[in-house]
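A short write-up of the structure that comes next.
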Amino acid sequence: MQTRRNFLQNAAKATLGIAVSGSILQDIASAKATELNAATLTFSQVKLPFSYAALEPNIDALTMEIHYTKHHMAYINAINEAIVAEQIAENSEEQLLANISKYSPKARNNAGGAWNHNFFWESLAEKPSQPSEKLVTMINTAFGSVDKFKEQFAAAAASRFGSGWAWLILDDSGNLKITSTPNQDNPLMDVADIKGIPILGLDVWEHAYYLHYQNKRADYIKNWWNVVNWKKVNERLA
Ligand SMILES: [Fe+2]
């Protein structure tokens, strides 16, 4: 038979048990929430908006296939590994890029590689298009003319030492600027010398052109203009 003392002791233990259980449950819930936050950010490849051979002869089919299925896929896999390993809990790809200095070189290189290539595929098209009136006006204001813009952009792409990217960006004041970044950095990253919103980007890593153009990066850049998806660039500006 339970005495009053036993009853109180048991009641206290029960209360403590509930408290302990509650605390454990809270810990589990909190761990789950962290896991969920981390899991919400997963990079994936955009579907290539054309066939591998669609941009021939400007970009050859084999380069396009290897670039998309091997190089880009490797960046995607590696950033998703880094997100788990480093418990990265940023809410979006762009927010991760804006805070990239907080993370490892693996996260920086592969978040950039994953994001940049998705942006690059969507900047290309097999059907020709033209810059919008709005874009042409802004290009004229910033660079003098579309031809001068192309010259300056090509120069930035050609002179990027080693591997990297050339960019047309909108800066904080809403003006167009040309910039370039090393490796897989981009202008959305807090580590970029010149920051802004990318409107157009060109991959000048050798893997983007070497099979077809070998050392002739300038020829690759010249022919790349033939497959720029101006329709998409116009949309990014709108
Ligand atoms: Fe690339």
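What follows draws every value from the coordinates through simple rules; no lab data is involved. Note that the structure is predicted; figures quoted are calculated from it, not measured. Positions of Cβ are generated from backbone atoms using ideal geometry, with glycine treated the same way; all protein chains shown enter the neighbour counts.
For region 59-238, calculate the relative contact order in percent as a whole number, restricting contacts to Cα pairs under 8 Å that are 6 or more residues apart. Mind dumping the intermediate values first?
Details: 264 pairs, mean separation 48.5, N = 180.
Normalised by residue count, the contact order of region 59-238 is 27 percent.
Taking 0.36 nm per residue of sequence separation and subtracting the Cα-Cα distance, how much length would be gained by fully extending the chain between Glu81 and Asp190, in nm to one decimal? Mind dumping the intermediate values first?
Numbers: separation 109, 0.36 × 109 = 39.24 nm, distance 2.16 nm.
Extra length available between Glu81 and Asp190 comes to 37.1 nm.
Mind running the shape call on region 135-187? Use the C-alpha gyration tensor, a ≥ b ≥ c as the square roots of the eigenvalues: rounded below 1.5 for a/c, prolate if a/b tops b/c, oblate otherwise. If you can, show how the numbers build up before the last one.
Values: a/c = 3.66, a/b = 1.52, b/c = 2.41.
Here region 135-187 falls in the oblate category.
Whole Å is fine, so just give me how far the alpha carbon centre of region 148-168 lies from that of region 213-230.
One Cα centre to the other: 11 Å.
Rounded, prolate or oblate: pick one for region 59-238, where a ≥ b ≥ c are the square roots of the eigenvalues of its C-alpha gyration tensor, a/c under 1.5 means rounded, and failing that, prolate if a/b is larger than b/c, else oblate.
Working: a/c = 1.81, a/b = 1.27, b/c = 1.43.
It comes out oblate by the Cα gyration axes.
Enumerate the lysines that Lys70 could reach by cross-link, defined here as Cα to Cα under 20 Å, with residues fewer than 8 away along the same chain left out.
Lys47, Lys106
Which value, in debye to the nearest 20, describes the size of the charge dipole of region 138-238 about its Cα centre when Lys and Arg Cβ atoms bear +1, Asp and Glu Cβ atoms bear -1, and nothing else is charged? Write down the numbers at each step before the final one.
Working: 11 positive and 11 negative charges, 65 e Å.
For this selection, approximately 320 debye.
Using θ = phi - 60° and the Karplus form 6.51 cos²θ - 1.76 cosθ + 1.60, what ³J(HN,Hα) does each residue of region 155-164 get, whole Hz, x for Gly and Pro?
These are the phi-based 3J(HN,Hα) values: 5, 5, 6, 6, 8, 5, 6, x, 9, x Hz.
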